[in-house]
1. Give the stretch 61-78 a look and list any residue that's part of a strand (DSSP E or B) and of a type in the set (Ser, Thr, Tyr), or say none.
2. Just wondering, is there one or more residues in the stretch 45-55 that are among the hydrophobic types (A, V, I, L, M, F, W, C), within 23 Å of Cys216 (Cα to Cα), touching a Gly at 6+ places or on another chain (Cβ under 8 Å) and at pLDDT below 95?
3. The conditions are (1) within 16 Å of ligand 2 (Cβ to nearest atom); (2) within 18 Å of Ile112 (Cβ to Cβ), and Thr152 fails exactly one of them. Which is it?
4. I need the full set of residues from the stretch 8-30 which are at pLDDT below 95 and out of contact with any strand residue (DSSP E or B) (no Cβ under 7 Å at 6 or more places or on another chain), in order please.
5. Does the stretch 204-212 include one or more residues that are small (Gly, Ala, Ser), within 19 Å of Pro53 (Cβ to Cβ) and more than 12 Å from ligand 1 (Cβ to nearest atom)?
6. Looking at the stretch 42-69 only, could you name the residues that are in contact with a strand residue (DSSP E or B) (Cβ under 9 Å, 6 or more places away or on another chain) and surrounded by fewer than 15 Cβ atoms within 10 Å (Cβ to Cβ)?
7. Given the conditions (1) away from ligand 1 (no atom under 15 Å from the Cβ); (2) closer than 22 Å to Ile104 by Cα; (3) not hydroxyl-bearing (Ser, Thr, Tyr), and given that Gly158 satisfies all but one, which numbered condition is not satisfied?
8. Exactly one condition in (1) in contact with a Gly (Cβ under 9 Å, 6 or more places away or on another chain); (2) of a type in the set (D, E, K, R); (3) part of a helix (DSSP H, G or I) is not met by Lys217; state its number.
Amino acid sequence: MEPTFRILPVLENKKLGPYNKITMKDVQIYAHAECGNFVMIGLQGFDPYLSRPFSFLEGNRTSFSILLKVKGRGTELLSKVKKGDKLKVLGPLGKIFCPPKEGILIAGGIGIAPVYYQSRWMKGGVLFYGAKRKKDLILTREFKDKGFTVRTITEEDGGLVTDLLKEYTDELDGKQIFVCGTKGMIKSIKGILNKEQIEKAYVYVEERMGCGLGGCKSCAVKTFEGYKLVCTEGPIFPLKEVKFD
Ligand SMILES: Cc1cc2nc3c(=O)[nH]c(=O)nc-3n(C[C@H](O)[C@H](O)[C@H](O)COP(=O)(O)OP(=O)(O)OC[C@H]3O[C@@H](n4cnc5c(N)ncnc54)[C@H](O)[C@@H]3O)c2cc1C
Ligand code: FES
């Protein structure tokens, strides 16, 4: 579907672990959203002027939610919205992707949001999930209820998600793999997957976005086939295609 621009009222803004789960009333955008899609969300007014990109988290016929981590000024202001406030929403955006019924999801921190949204189309698999602290691990019960084996690790306990992958590397063989996390995490993962695993791996790429529609070129990412736009050719790319330098 062509993306549409809507002014949507906030139904709820509540804490989920260290994040904000913000739910908006919507009967149009989420109804047409597919795996890989995301939305641009902005406050009414001009501060900040540009909207910010967010994955869908979940939704239904009358509303959808995002999970927000405060990073800078835009997300700080968005984290403070209250019930009844109105948000500028553009979507669904991005290139859609057909996920496997079963596969491997690897998330670091807020990277849990897009993979949770992806799990909507899946029947199970394994989730490898790393966070800073135990109390930052969220949605693990929901993943288990969806049929996933959930393997978690925290920096608090002295481990990284890459340690988990090394331990359970056999579980990755022959499966499609989806990674969402920081560039550092993705680079480390690329370093430990074998050639066959990399062939079947995909990554959620995050770049700053100005428009979400392919017009401003601010989201260009270096690939082995030249620059590509995350907003129209991503955000999901084959891991082997992206240059992380
Ligand atoms: C397709 C996509 C989906 C996303 N989904 C989510 C989500 O579900 N939940 C969520 O909390 N965040 C998500 N993000 C990241 C979110 O858009 C940024 O954190 C946000 O735009 C930062 O805005 P800000 O005004 O708070 O920070 P700014 O003041 O603009 O920047 C603060 C710092 O964050 C860095 N930064 C800004 N944008 C990005 C980015 N896109 N990637 C990496 N670093 C960045 C800046 O370089 C700066 O160091 C997503 C990004 C993309 C591209
Ligand atoms: S965000 Fe403007 S081209 Fe991608």
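1. Across the stretch 61-78, the qualifying residues are Ser63, Ser65.
2. Pass one, the stretch 45-55, residues among the hydrophobic types (A, V, I, L, M, F, W, C): 46, 50, 54.
Subset that is within 23 Å of Cys216 (Cα to Cα): 46, 50, 54.
If we keep only those that are touching a Gly at 6+ places or on another chain (Cβ under 8 Å) too, we end up with 50.
Now drop any that are not at pLDDT below 95, which leaves 50.
Within the stretch 45-55, one or more residues are among the hydrophobic types (A, V, I, L, M, F, W, C), within 23 Å of Cys216 (Cα to Cα), touching a Gly at 6+ places or on another chain (Cβ under 8 Å) and at pLDDT below 95.
3. Every condition holds for Thr152 apart from (1).
4. Val27
5. Let us first name the residues in the stretch 204-212 that are small (Gly, Ala, Ser), namely 210, 212.
Of the ones still in play, those that are also within 19 Å of Pro53 (Cβ to Cβ) are 210, 212.
After this cut, where a residue has to be more than 12 Å from ligand 1 (Cβ to nearest atom) as well, the list is none.
Among the residues of the stretch 204-212, not one is small (Gly, Ala, Ser), within 19 Å of Pro53 (Cβ to Cβ) and more than 12 Å from ligand 1 (Cβ to nearest atom), which makes the answer no.
6. Quick first cut of the stretch 42-69, residues in contact with a strand residue (DSSP E or B) (Cβ under 9 Å, 6 or more places away or on another chain) only: 42-44, 48-59, 62-69.
Result: Gln44, Tyr49, Thr62.
7. That leaves (2) as the condition not met.
8. For Lys217, the exception is condition (3).
The values are calculated or read from the model by the stated rules, or taken from the named source; none is laboratory data. What you see is a predicted model, and the numbers here were worked out from it, not measured in a lab. Reconstructed Cβ throughout: ideal geometry from the backbone, glycine too, with neighbour counts over all protein chains shown.
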